[in-house]
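To start, the structure under review is shown below, and the notes come after it.
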Amino acid sequence: MDDTVIDFTGSARMALSELTGRDDLWSQWQAITDDHHARAIAGEFDHDTMRRVRTKAFLDAQGADFDDATVAVLEDRRRDRMTHSWRAFPDAAPALDWLRAAASRSPL
């Protein structure tokens, strides 16, 4: 559903900007996220741990030195802001209506 029905990227960018007070860090966040997702998929850590470790790596790259407890609070705040701002793309409802109608006509 990410960036198909819901504007996940827009929400994530906004939450990161609110966390950092800057709008120019998205590409660095994405690079760190890609690396940490790969590590989580490889089994290095679970998803919740990945979120905290990723945020710590990102903040460290900005020169911020926060302890693990503070990083956890900041990551939870970022994630909460992101999830509370999820919005469907304007064309999502008509597309879902079309899919629902098409499914009702399907013999399956």
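Values in this text are rule-based calculations from the coordinates and carry no lab data. Everything quoted here is computed from the prediction, not taken from an experiment. FYI the Cβ positions are ideal-geometry reconstructions off the backbone, even for glycines, and counts take in every protein chain you see.
Dipole check for the chain: with +1 at the C-beta of Lys and Arg, -1 at the C-beta of Asp and Glu, and the Cα centre as origin, the magnitude is about 380 Debye.
Rounded to the nearest 0.05, what FRET efficiency do R77 and R39 give with R0 = 25 Å and r taken as the Cβ-Cβ distance? Could you check? Let's see the in-between values first.
Working: r = 23 Å, r/R0 = 0.92.
Once the sixth-power term is evaluated, E becomes 0.60.
Each label was represented as a point 7 Å from its Cα along the Cα-to-Cβ direction; for W26 and T70 these points are 2.8 nm apart.
How high is the FRET efficiency between S85 and Q62 when r is their beta carbon distance and R₀ equals 30 Å, given to the nearest 0.05? Let's see the in-between values first.
Working: r = 22 Å, r/R0 = 0.74.
Efficiency computed from Cβ-Cβ geometry: 0.85.
Counting other Cβ atoms within 10 Å as a rough exposure proxy, the listed residues S104, S85, S11 run S104, S85, S11 from fewest neighbours to most.
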